[in-house]
Amino acid sequence: MTRALLLVDLQEAFLDSAELEPARGELLETVGRLLAGFRERDESVFHIRTVVARDERGMPHWPPEHAAALREDGPGAAPPPGLREQPGERVFHKRFYGAFGNPALEPALREAGAERLVLAGTHHHACVRETALEAYERGFEVIVAADATAAYDPLHAAATRLWMEPRAARYADAEEIGTGPVEPAGAAAVPAHLDACAAAASAARSTARPEDVRAALARAAEALSEPSAADQLARLITAESGKPIALAGRELERTRRLLDLAAAIELPPTVLTPEGRSRRRPLGTVALLTPHNNPLAIAAGKLGPALAFGNAVLWKPHPMGAKVAAALAALLARSGLPDGLLAIVEGGAATGVATLSHPGVDAATVTGSSAAGWAAQLICAGRRIPLQAELGGNNGAIVWSDCDLTEAAGAIAPAAFGAAGQRCTATRRVIVEAGAESELLEQLRVVCAEELVQGSPQDPRTTIGPLVDEAAAERARRLLRRTAAGGHEILELDTATTEDASVDDADAAFLAPTVVCCSDPAAEIVQRESFAPILVLEPARDFEHALRLLNGVREGLVASLFSPDAQRRNEFLERAEAGVLKLDRATADVGVETPFGGWKQSGIGPPEHGVGNLEFYTRLQAIYG
């Protein structure tokens, strides 16, 4: 089927937004690769641009300066240099949202023989959406390049995809579009056994005895204390996700503790008042969506209390953690968990959407990306069911010159680079008092060279393994290349090495521990979570400036301070905008009994663990009479 690429509103006026998601640099790189592929295959390319004529005011809701910027010779009308049209590529101007508002576009597409249109550009929830619907109305098949399409309003962008994908457009990443045919739009495939799992869960809830569930959780925790079982699961984690075996072992111990704590959970007693009584009741069937980086511990922290409080669980693990999920489910079954209370639903993003949307699901708990959080929030809001979500963190640590910089570096380096930075609690940014940067950097070099080992994840000495796959590593490398192009200093740190734990240079999933020195708080490397072994050093003029830098990102999961000064510590505790605060500790790692949840865009709903378990996995019911 003949394809054509439509680049929609890739103009400076629409790209100049700090809220753009994906960020401008990432978007332009992805669009550039998509465009280059179409040109190499000699496929048609059409440039769609919003242009305001001199006698027009543009869209009525625009401020005058925006309309002026989009006049044909205005500063905002032009595309970035790398996306300008080449000979043979046609440009079509439009005034409002949809590209087909220009009546010359459809005949040009028909003349080119285009039957399938690939859309990329801005803004996903407005002009791209309207163009997709107009194309669908005219009989074209539509593919939206998901990672080459941006919006400043991610909630409405997520709503656009959720509504359009089963109807008018197929979504695919640029790489998928470039490497092969993409199926047309249609209803997403729902796992055949999802209905059966939901029905079995509902039935099991009504018959399972709480004491049997708690006993099964206790036996599973006890089984994980046996070296052979723990070693087998740790090796499975390493094989599936590339997590270093030593860190996988620590995850197993954390899993054991979480299940052990869940085994002691009971619904609290009824509370009597002069007017009546109140009690806590389970939610029903809870959907779990979990990531690849901690495939057992994150799941155990959710399913343990969910089951113990009387709920059933439908668990949709990340595809790179599906084998680990199956192993834990089998262990719980062997431990006596009643049939039907826990079911695994395997699949990707479409399966996640289907699981959250299923009428048999009464609540959802999600750990994932910001994009996953927007989608989950929309689905759960539409169904009016409770949602708990942990959505990552661009975590910052303030390091002041009055602290022991050697100790600070010793805590920060493994928190930033361990597990290849693939932890939501990893230290991403260090806000360091101006003048202390060089000494702190030198101490970080020493820690990496003497204490951290990058190498084979199967080697027990390894602390920094590969990223989860080559695509994740390449995304991080592209981010670093964009950062270097912006003039920021990038330093790779050497790690301790052994003959058996060496890094194969041919393995593209490895990325060396990297420090970026950046004094621009608006830079992409500062504002966007890398989820890689990358640490940003930001100098602070004074403590007020340090707090502004710390809080100057969208996320608010964990923040820390290294300083013995009582006044600074108190000010940090009063003003740091994060759900978890640490003193003289790095951001990575949290306890199993203390509530864990993020502020701002890092979290939705009650926190995980501790008192958060009762708050989320049960609901209050008042009784009169």
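The values are calculated or read from the model by the stated rules, or taken from the named source; none is laboratory data. Remember, it's a predicted structure, so these values are computed and weren't measured experimentally. A quick note on method: Cβ atoms are made from the backbone with ideal geometry, for glycine too, and the neighbour counts reach across all protein chains shown. Just so you know, the surface numbers come from the protein's heavy atoms only, side chains and all, with ligands and any DNA or RNA stripped out. Shrake-Rupley method; radii C 1.70, N 1.55, O 1.52, S 1.80 Å.
Net charge within 11 Å of Lys302 by Cβ-Cβ distance, Lys/Arg positive one each and Asp/Glu negative one each, not counting Lys302 itself? Could you put the intermediate results ahead of the total?
Numbers: positive: none; negative: Glu390, Glu608.
Its environment carries a net charge of -2.
Which one, Phe543, Pro513, Thr367, projects farthest toward the positive side of the charge dipole computed for the chain from Cβ point charges (K/R +1, D/E -1)?
The one lying farthest along the dipole's positive direction is Thr367.
Applying a 10 Å radius around every beta-carbon, put 425-433, 163-171, 395-403 in order of their mean neighbour count, most first. Provide the component values of the computation, followed by the final result.
Numbers: 425-433: 26.6, 163-171: 18.3, 395-403: 23.2.
Listed from highest to lowest mean packing, they are 425-433, 395-403, 163-171.
Note the full-extension length gain between Asp339 and Trp163 as 0.36 nm times their separation in residues minus their Cα-Cα distance, in nm to one decimal.
Stretched fully, the Asp339-Trp163 segment lengthens by 59.8 nm.
Return the distance in nm (one decimal) between the two label points of a simple spin-label model at Asp195 and Ser369, each offset 7 Å from Cα along Cα→Cβ.
3.1
Compute the accessible area per residue over the chain, keeping the other protein chains in place, probe 1.4 Å, unit Å². Numbers along the way, then the final one.
Details: 26260 Å² over 625 residues.
Spelled out: the 1.4 Å probe surface of the chain, per residue, equals 42 Å².
So, R0 is 22 Å and r is the distance between the beta-carbons of Ser228 and Thr207; what FRET efficiency does that work out to, to 0.05?
After rounding, the FRET efficiency stands at 0.10.
Need one number: convex hull volume per residue for the range 395-492, Cα atoms only, in Å³. Could the numbers behind the result be given before it?
Details: hull volume 10.5 nm³, N = 98.
Taking only Cα atoms, the range 395-492 has a hull volume of 108 Å³ per residue.
Identify the residues of the range 271-299 with backbone N under 18 Å of a label point that sits 7 angstrom from the Cα of Ala622 along the Cα-to-Cβ direction, or state none.
271-281
Return one quarter of the surface area of the convex hull spanned by the alpha-carbon atoms of the range 187-304, equal to its mean projected area, in nm².
So the mean shadow area of the Cα hull is 10.7 nm².
Tell me, what % of the accessible area of the range 361-401 is carbon and sulfur with a 1.4 angstrom probe?
Ligands and nucleic acids excluded, carbon and sulfur give 55 percent.
Note the full-extension length gain between Arg554 and Ala264 as 0.36 nm times their separation in residues minus their Cα-Cα distance, in nm to one decimal.
100.7 nm is the gain from fully extending Arg554 to Ala264.
How much length, in nm to one decimal, is gained on full extension between Asp469 and Arg541, taken as 0.36 nm per residue of separation minus their Cα-Cα distance?
22.0 nm
Provide the three semi-axes, in whole Å and in decreasing order, of the ellipsoid equivalent to the range 543-594 as defined by the square roots of 5 times the Cα gyration tensor eigenvalues.
The three semi-axes for the range 543-594 are 18, 14, 9 Å.
Go ahead and run the numbers for FRET between Glu489 and Glu12, Cβ-Cβ distance against an R0 of 22 Å, rounding to 0.05. Present the calculation step by step, with values, prior to reporting the outcome.
Numbers: r = 27 Å, r/R0 = 1.25.
Efficiency at R0 = 22 Å is approximately 0.20.
Ordering Asp339, Asp260 by accessible area with a probe of 1.4 Å, largest first, what comes out?
Asp339, Asp260
Which loop-located GluC sites (Glu not before Pro) does the range 100-152 contain, where loop means any DSSP state but H, G, I, E or B and the Cβ has at most 14 other Cβ atoms within 10 Å? Before the final figure, lay out the partial values.
Values: sites: Glu111, Glu115, Glu130, Glu134, Glu137, Glu141; in loops: Glu115.
When the GluC sites (Glu not before Pro) of the range 100-152 are filtered for loop state and at most 14 Cβ neighbours within 10 Å, Glu115 remain.
Applying 1/(1 + (r/R0)^6) with R0 = 35 Å to the Cβ-Cβ distance of Asn102 and Glu183, what FRET efficiency is obtained, to the nearest 0.05?
0.75
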